Amino acid sequence: MDKLTGIGTGTMSGITSNSMRMLEKSVDYLWAKQAAHLDNISNAETPGYKVKTVSFEKRFENQLRAAERHGHTRARTRAAIENARWTVDEDDEVTRMDDNGVNVLEQSLEAVRTAYQMQYTLQAINNDFTTLGRAING
């Protein structure tokens, strides 16, 4: 039984599918990544501020590959998705005399890139719900 939905994992609906959970994890990660970019930009003039970076993709990919090596099943894939976590790290690279490592242009570009990624991810979720709605309504 899935703790969140009460639906057995053997009969997952489109709402609780592994694909939908991956999209949810992606939105969570992108939200954290966007917050880090905006925090970096807002602290561009703070002496000693260390740039924050959020990482997720490589770790998530490794967890999915490990699940696949142990026999690719929905349950193992679901476990890998559920256990995937993003992390926030501080970059020690210093580019200025005041020990602040923020490059505002770079952070601004990454914030825009992250916004586009969020838009595409939310569009994919919307498309899944639209398809589900059509299936329900006939």
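The values are calculated or read from the model by the stated rules, or taken from the named source; none is laboratory data. These figures come from a predicted structure and were not determined experimentally. No Cβ is skipped: glycine too gets one built from the backbone with ideal geometry, and neighbour counts run over all protein chains shown.
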Matching residues in segment 55-77 - criterion: being in contact (Cβ under 8 Å) with a residue 60 or more places away in the chain and either in a loop (DSSP other than H, G, I, E, B) or touching a strand residue (DSSP E or B) at 6+ places or on another chain (Cβ under 7 Å) (or both): none
Is it the case that some residue within segment 24-41 is β-branched (Val, Ile, Thr), more than 22 Å from Gln123 (Cα to Cα) and buried (at least 18 other Cβ atoms within 10 Å of the Cβ)? no
Taking segment 94-138 and the residues there that are assigned to a helix (DSSP H, G or I) and acidic (Asp, Glu), the one that is modelled with the lowest pLDDT would be Asp128
Hey, Ala80 in contact with a Leu (Cβ under 9 Å, 6 or more places away or on another chain), closer than 24 Å to Leu30 by Cβ, assigned to a helix (DSSP H, G or I) and at pLDDT 90 or above or not: no
Residue under question is Thr73, and the condition is that it be at pLDDT below 85, hydroxyl-bearing (Ser, Thr, Tyr) and surrounded by 12 or more Cβ atoms within 10 Å (Cβ to Cβ); does it hold? yes
